[in-house]
Amino acid sequence: MSNPNLSVEIAGIKMKNPVMTASGTAGFGAELAEFFDLGKLGAFVTKGISLHPWRGNEPPRTTETPAGMLNAIGLQNPGVDAFISEKLPFLRKFDVPVMVNVVGHSVEEYVEVARKLTDAEGVHGLEINVSCPNVKQGCMVFGSSAKGIAEVVGAVRKATSLPLIPKLTPNVTDITETARAAVDAGADALSLINTLLGTAIDVKTRTFKLSNITGGLSGPAIKPIALRMVYQVSQAVKVPVIGIGGIMTATDAIEFILAGATAVQIGTASFFNPMSCVLIIDGIAEYARSGKVSDINELIGKVQLP
Amino acid sequence: MKQSYCDILENTELTPGTMRLTARDAEIAASSRPGQFVNVLCGHCLDPLLRRPFSIYTVNKERGEFSLLYQVKGRGTVLLSEKEAGEKLDVVGPVGRPFHIDPEENIEHILVGGGCGIVPLLFLADVLREETKGKTVVLIGAQTAGAILCEQEFLQRDLPVELSTDDGTAGRHGFVTDALSEHLRNLPADVQPRIYACGPHEMLKGIARIAANPQPSTLNPQPIPCQVSHESAMACGFGVCMGCAVKTRELHCATEGCEDWTYSRVCVDGPVFYTTELVWE
Ligand SMILES: Cc1cc2nc3c(=O)[nH]c(=O)nc-3n(C[C@H](O)[C@H](O)[C@H](O)COP(=O)(O)OP(=O)(O)OC[C@H]3O[C@@H](n4cnc5c(N)ncnc54)[C@H](O)[C@@H]3O)c2cc1C
Ligand SMILES: Cc1cc2nc3c(=O)[nH]c(=O)nc-3n(C[C@H](O)[C@H](O)[C@H](O)COP(=O)(O)O)c2cc1C
Ligand code: FES
């Protein structure tokens, strides 16, 4: 069989394949580019970018947990101006759509960052991060309620013509509520999930393992929850869904696509193996070839009911 | 920096709880510099999930081999200790900023290692011999005689070694920092010292203090260039996650008393830093 079509489209952004990096697990591309050509990716998603530089939380910021990890980085980033002048030119060198993850303490900050990115060359979409659990102000505070998410997405919508992709937090009772609110406020697509709030304790020292006390859980441990939420949300909304959470292999990625995801993001798997994105792209192609699937789009949401 | 599957040539116990692993990978052997490390996948499934960082211990470029020296501590290193010659080792490396080496004459390179921190200093000693004309001395500190690592390896290279133990069971009774102060006091005036240290945080802090202000009464009252290899818990180990943060002075104000600091990454901005670049708390 000839090569299957892996290309997908999200909010008008054409991607060679459905595999993207997950925000905060690929930096701004320079390090991953030592391992593979970033042009192989469906899309590149940057670390969260704020209006001003953020220092991030005090260390220790990460700790390993069973088949996963907790992080409380606290969105350390150089700020939007330094991102545009120092980081974006590197990413422009590659044949890959760039989506910028946007964070803020206030609605005004989200709007200001979005404006600056709209004027910058080489930004294809904005992933609106209303789901980071590791900062005290903003972010997940907005994403935890339908009202909060609508407020941020609505305001950013007015400020930019770029595709808007709010990233949802799983730390809510009903994720379809925030999903619908985001779409009603103008979202072109949705990313989910961000990390689950957790903690870990060292019994020797009787202290918390993270200086921030709580952190976000990621990795294979969260995959079943992420998959369930992607299924629920893709049933509830009409916009494309990007599936994230514990994807380690092509098989995991296919599960998310069958559940309703148009694309997937690879996060913690890149720590396990920096080549994960490429291995997963190759694995998806192999799955399609051996299963006689001529177009990956045929698989989206095609899980059968029992 | 690349990801590769190396051939394990040996993985043997040297002293109880301390292992040496030698592996073949021509590219890693050819491109590694002292102070750099590799990130090793110790398990064989998704748990434990994260790689473990280990300093490069020795390199044999001709044979395309490198070795690690590690202590068996927790789950990751227990699994690593079970690997055998003939198996593959999944490695990312070499990672990080290596020790800066000054090739000039009239320099004395003082290598200070505490506990397991001695590991990157053997590779450093080998490269100093190849690339510089200066003299090298080694100061090793450990809690007790049984915990001293690498003494024989340095002696085999004809390098002067001075031991210190906290309990006095070998060498001088006391901290390696005291040995360093004394060594600096006795240094001839025309010799310029350079310090390279690796070990527990408290030891590095003490060494940073000595380097910043070597005994005012000595013949070398000016600060001594001093590099330390810093450790921190890591998640990605190649610079993308910001998990391994350490407080560093902003480059434009690497001066004493400057309040302006930032978080840098131990894995790729380090692990080697000049003591003047770090904020010591
Ligand atoms: C740059 C660097 C170089 C190192 N070089 C050596 C070396 O040459 N030889 C050697 O024996 N050890 C070295 N270490 C320490 C070594 O990485 C840890 O001993 C090892 O990760 C412990 O793993 P574990 O699963 O056995 O222990 P566990 O305690 O079960 O590990 C649990 C978690 O803590 C982390 N962790 C525990 N101790 C350390 C530590 N000291 N530093 C960083 N992370 C830690 C682990 O990575 C893991 O995520 C180095 C560490 C760093 C950062
Ligand atoms: C170290 C680390 C940093 C992260 N930083 C961000 C971030 O800046 N913005 C964001 O939206 N998500 C961030 N995330 C969340 C990931 O993008 C992803 O949603 C989550 O880790 C689940 O996917 P995974 O299990 O594949 O890692 C971060 C995750 C990790 C582990
Ligand atoms: S461990 Fe991820 S940036 Fe250093």
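The values are calculated or read from the model by the stated rules, or taken from the named source; none is laboratory data. These numbers were taken from a predicted model, which means no experiment stands behind them. Every residue, glycine as well, gets a Cβ built from its backbone with ideal geometry; the counts of neighbours run over all protein chains shown. All accessible areas refer to the heavy atoms of the entire protein, side chains included, with ligands and DNA or RNA removed. Shrake-Rupley method; radii C 1.70, N 1.55, O 1.52, S 1.80 Å.
Per-residue accessible area (protein heavy atoms, 1.4 Å probe) orders A:D119, A:D252 as A:D119, A:D252, starting from the largest. When cysteine pairs in chain A are screened for C-beta atoms closer than 4.7 angstrom, the residues that find no partner are A:C277. With 18 Å as the limit, the listed pairs A:K204/B:K73; A:K93/B:K2; A:K167/A:K238; A:K147/A:K167; B:K2/B:K73; A:K16/A:K158 have A:K93/B:K2; B:K2/B:K73; A:K16/A:K158 beyond it between alpha carbons. Kirkwood hydrodynamic radius of the protein assembly as shown, from the reciprocal of the average inverse Cα-Cα distance over all distinct pairs: 25.4 Å.
Working note: 222 nm ellipticity from helices only, DSSP H runs with n ≥ 4, each -39,500 (n - 2.57), summed and divided by the residues of chain A, gives -8500 deg cm²/dmol to the nearest 500.
Cα centroids of the range B:90-122 and the range A:282-306: 50 Å apart.
Rounded, prolate or oblate: which fits the range A:65-153, taking a ≥ b ≥ c as square roots of the Cα gyration tensor eigenvalues, rounded meaning a/c under 1.5, else prolate when a/b beats b/c? Taking the square roots of the gyration eigenvalues as a ≥ b ≥ c, the range A:65-153 is oblate.
Sorting B:M234, A:M99 by accessible area puts them as B:M234, A:M99; the probe is 1.4 Å, largest comes first, and only protein heavy atoms count. Given a 1.4 Å probe and the protein chains as shown, B:H44 ends up with an accessible area of around 150 Å². Using the average count of surrounding beta-carbon atoms within 10 Å as a protection proxy, the listed peptides A:192-200, B:116-124 rank, highest first, as B:116-124, A:192-200. Between A:E108, A:E255, A:E121, the Gaussian network model of chain A with springs among Cα atoms under 10 angstrom shows the greatest mean-square fluctuation at A:E121. Averaged over peptide A:69-75, the number of partner chain Cβ atoms lying within 10 Å of each residue's Cβ comes to 3. Working note: Karplus 6.51/-1.76/1.60 with θ = phi - 60° gives the range B:239-250 the couplings x, 9, 9, 6, x, 9, 4, 9, 6, 10, 6, 4 Hz, where Gly and Pro are set to x. Sequentially through the range B:21-38, phi angles give Karplus couplings (6.51, -1.76, 1.60; θ = phi - 60°) of 10, 10, 9, 10, 6, 4, 5, 5, 4, 6, 9, 6, 10, x, x, 6, 9, 10 Hz, Gly and Pro residues having no value and appearing as x.
Quick one: pull the percentage of alpha-carbon pairs in the range B:43-158 with a separation above 25 Å.
More than 25 Å apart: 33 percent of the Cα pairs in the range B:43-158.
Global dimensions of the range A:169-216 from alpha-carbon coordinates: Rg and Dmax equal 16.1, 50 Å. Put simply, the amide H of A:E127, placed in the peptide plane, has neighbours under 5 Å in A:V100, A:N101, A:V102, A:I165, leaving out anything fewer than 5 places away on its chain.
When the square roots of the Cα gyration tensor eigenvalues are ordered a ≥ b ≥ c, the ratio a/c for chain B is 1.5 or more and a/b exceeds b/c, which makes its shape prolate. Remark: mean inter-chain Cβ contacts per residue of A:261-272 equal 3, using a 10 Å Cβ-Cβ cutoff to other protein chain atoms.
Remark: accessible surface ordering of A:F28, B:F37 (largest first) is A:F28, B:F37, probe radius 1.4 Å. Other residues with beta-carbon under 13 Å from the beta-carbon of B:A30 carry, at +1 per Lys or Arg and -1 per Asp or Glu, a net charge of +1.
By the scheme Lys and Arg +1, Asp and Glu -1, what is the net charge of all other residues having a beta-carbon under 11 Å from that of B:R20? Before the final figure, lay out the partial values.
Values: positive: none; negative: B:E10, B:E13, B:E153.
Within the 11 Å Cβ shell, the charges total -3.
Please give the average number of partner chain Cβ atoms lying within 10 Å of the Cβ of each residue in B:39-51, rounded to a whole number. Provide the component values of the computation, followed by the final result.
Working: counts 2, 0, 2, 0, 1, 0, 2, 13, 8, 5, 15, 9, 4.
Per-residue shielding by partner chains comes out at 5.
Net charge near A:S85: determine it from the other residues with C-beta under 13 Å of the C-beta of A:S85, scoring Lys and Arg +1 and Asp and Glu -1. Net charge around A:S85: -1. Coupling constants for the range B:97-103 follow from the phi torsions by the Karplus curve (6.51 cos²θ - 1.76 cosθ + 1.60, θ = phi - 60°), and in residue order they are 7, x, 5, 7, 10, 9, x Hz; glycine and proline get x. Sparsely packed loop sites in the range A:1-81 (the trypsin sites (Lys or Arg not before Pro) outside DSSP H, G, I, E and B with at most 14 other Cβ atoms within 10 Å) comprise A:R55.
Helix content alone sets the calculated 222 nm mean residue ellipticity of chain B: runs of n ≥ 4 DSSP H residues at -39500 (n - 2.57) each, divided across all residues, give -5500 deg cm²/dmol.
With a ≥ b ≥ c taken as the square roots of the eigenvalues of the C-alpha gyration tensor of the range A:8-299, please select rounded if a/c is under 1.5 and otherwise prolate if a/b is larger than b/c or oblate if it is not? It comes out rounded by the Cα gyration axes. Per Stokes-Einstein, at 37 °C and 0.692 mPa s, what whole-number D in µm² s⁻¹ belongs to the range A:19-167, with the Kirkwood radius over Cα pairs as the hydrodynamic radius? Stokes-Einstein gives a translational diffusion coefficient of 211 µm²/s. When both bridge partners sit in chain A, DSSP labels roughly 45% of those beta bridges antiparallel.
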